[in-house]
Amino acid sequence: MAGRILAINTGSTSTKLGYYDSGKKVFEENIFHSSEKLSRYNSVMEQGHMRLVTITEFLLSKGIRLVDIDLVMSRSGLVTPMETGVYEITGILEDALRACKNGVHACNLAGLLACDIAELVNDVRKEAGISEVCKAYMADPPMADEMLPEAKIGGIPEFYRRPLCHALNSRAVVRHYAGSKGLKQKDVTAIVAHIGGGTSVTLHRDGRIIDTNDALGGDGPLSTERAGTVPAFPLIEMCFSGKYTKDEIKKKLVGHGGAVAYFGTNDFKAVVAKAEAGDRETRLFLDGFCLSVAKYIASLAADVCGKVDVIILTGGIAHNGKLMEEISRRVSFIAPVAVYPGGNEMDSLAENGYAVLSGEVEVKYYDPHEQEKRSFAGR
């Protein structure tokens, strides 16, 4: 695979970089930004220049010349629901990332930084008389909307089901599984559970994500930091109790839910260690955790009448073999289970970048009017 790719994945307190040359990873680095530095900004979206300077200085320290970068791949942001795939980050997509209409999140900054770096590369190349243009792309947006129309129907017309999932990693593990069987991604019908701080469960058919949960919107399995789907009436009582603000309620569902709510920690290894030491309450929580993921996996099998080729367990918690065995025990009656631990987002970004450079993938372009129609489909 020819070409040099820079991959960018922005988090709330860090910027992860990966550099690839001819298909091989040269380095992967997670650059942490101090709380003192971050406190100077009211929002993560104001941190663009600071992070850009940090990135360029880091590349210089690694001996990476801007002129040598052929393509910049970024983590996708929270943009109006769109199809999976690789998108060139044009001006209209930049505007959508800045607008943060679907929430302010660090991932929106990645695409903007990718564009800034590509612009710097092209300025240097122009001065050097190099005609090849470096472009910025993002792959598999988390609000990937390819859901079956009937899967979007909620219990009341005002509440349609919205997708928000770990699309990048879930599509990558399906692609890897298919390759291991000598198949194409589109030939495999798979249910993927990405199990981490948040958990999303996705159903893949014909290379598309046709059903999933809203992992940031209070829908799906419980997880390390998220409550998942909760009973509506008790939630209503909590909302009108006068004890909590709107933001505090949201935080209870996303951020302070799950293990954080039960044990005051998002360190899942510590929770597991406590259970293994004999704590019954923690053991019961882990049993409920596994059952919650298994139930959601089983529910998605109904979309395709149980005709599932494989169930894939992935994400950070997939490193825990005992928990994966327990989830597998509950769902293996549906299909064989494969485990791909970790997130591997950087390598997934690079894979998509080389697919662009080789012409193996059709690059897509963001159309806000088409996407608005898509977001209301099935309502």
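The values are calculated or read from the model by the stated rules, or taken from the named source; none is laboratory data. For clarity, every value in this text was computed on a predicted model and none was experimentally measured. FYI the Cβ positions are ideal-geometry reconstructions off the backbone, even for glycines, and counts take in every protein chain you see. Calculation scope for accessible area: heavy atoms of the full protein, side chains included, ligands and nucleic acids excluded. Shrake-Rupley method; radii C 1.70, N 1.55, O 1.52, S 1.80 Å.
Just to be sure, is residue 72 of a type in the set (Val, Ile, Thr), under 19 Å from the mean Cα position of the chain (by Cα) and not in a loop (DSSP other than H, G, I, E, B)?
When the stated conditions are applied, residue 72 passes them.
In region 269-302, what residues are touching a residue at least 60 places away in the same chain (Cβ under 8 Å) and either open to solvent by less than 90 Å² (accessible area, probe 1.4 Å) or over 15 Å from residue 221 (Cα atoms) (or both)?
Once the filter is applied, which keeps residues that are touching a residue at least 60 places away in the same chain (Cβ under 8 Å) and either open to solvent by less than 90 Å² (accessible area, probe 1.4 Å) or over 15 Å from residue 221 (Cα atoms) (or both), region 269-302 yields 288, 289, 292, 293, 296, 297, 300, 301.
Pick from 108, 122: which is in contact with a Gly (Cβ under 9 Å, 6 or more places away or on another chain) and of a type outside the set (Phe, Trp, Tyr)?
108
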note = When region 172-207 is checked residue by residue, the ones that are open to solvent by 10 Å² or more (accessible area, probe 1.4 Å) and touching a Ser or Thr at 6+ places or on another chain (Cβ under 6 Å) are 194, 197, 205
query = Applying the selection to region 85-124, what residues are in contact with a Ser or Thr (Cβ under 8 Å, 6 or more places away or on another chain) and not in a loop (DSSP other than H, G, I, E, B)?
reply = 87, 96, 107, 109, 110, 111, 113, 114, 117, 120
remark   = When every residue in region 339-354 that is open to solvent by 20 Å² or more (accessible area, probe 1.4 Å) and not acidic (Asp, Glu) is compared, the one nearest to residue 16 (Cα to Cα) is 344
request  = Could you tell me whether region 235-257 includes any residue that is closer than 22 Å to residue 324 by Cα, surrounded by 16 or more Cβ atoms within 10 Å (Cβ to Cβ) and among the aliphatic types (A, V, I, L, M)?
outcome  = no
request  = Tell me, yes or no, whether region 322-333 has at least one residue that is polar (S, T, N, Q) and either at pLDDT below 95 or crowded, with 21+ Cβ neighbours inside 10 Å (or both).
outcome  = no
ask   = Across region 4-23, which residue is surrounded by the most Cβ atoms within 10 Å (Cβ to Cβ) among those that are under 18 Å from residue 63 (Cβ atoms) and not aliphatic (A, V, I, L, M)?
value = 20
message = Of the residues 146, 158, 132, only one is open to solvent by less than 70 Å² (accessible area, probe 1.4 Å), of a type in the set (Asp, Glu) and in a loop (DSSP other than H, G, I, E, B); which?
response = 146
request  = Inspect region 261-268 for any residue being assigned to a helix (DSSP H, G or I), open to solvent by less than 60 Å² (accessible area, probe 1.4 Å) and touching a residue at least 40 places away in the same chain (Cβ under 8 Å) and give the result as yes or no.
outcome  = yes
Of residues in region 4-45 being among the aliphatic types (A, V, I, L, M) and in a strand (DSSP E or B), the one farthest from the chain's Cα centre (by Cα) = 26
request  = For region 34-54, indicate whether the set of residues that are in contact with a strand residue (DSSP E or B) (Cβ under 7 Å, 6 or more places away or on another chain) and either within 24 Å of residue 354 (Cα to Cα) or hydrophobic (A, V, I, L, M, F, W, C) (or both) is non-empty.
outcome  = no
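Which residue, of 325, 276, 362, is of a type outside the set (Phe, Trp, Tyr) and under 30 Å from residue 3 (Cα atoms)?
Being of a type outside the set (Phe, Trp, Tyr) and under 30 Å from residue 3 (Cα atoms) holds for just one of 325, 276, 362, which is 362.
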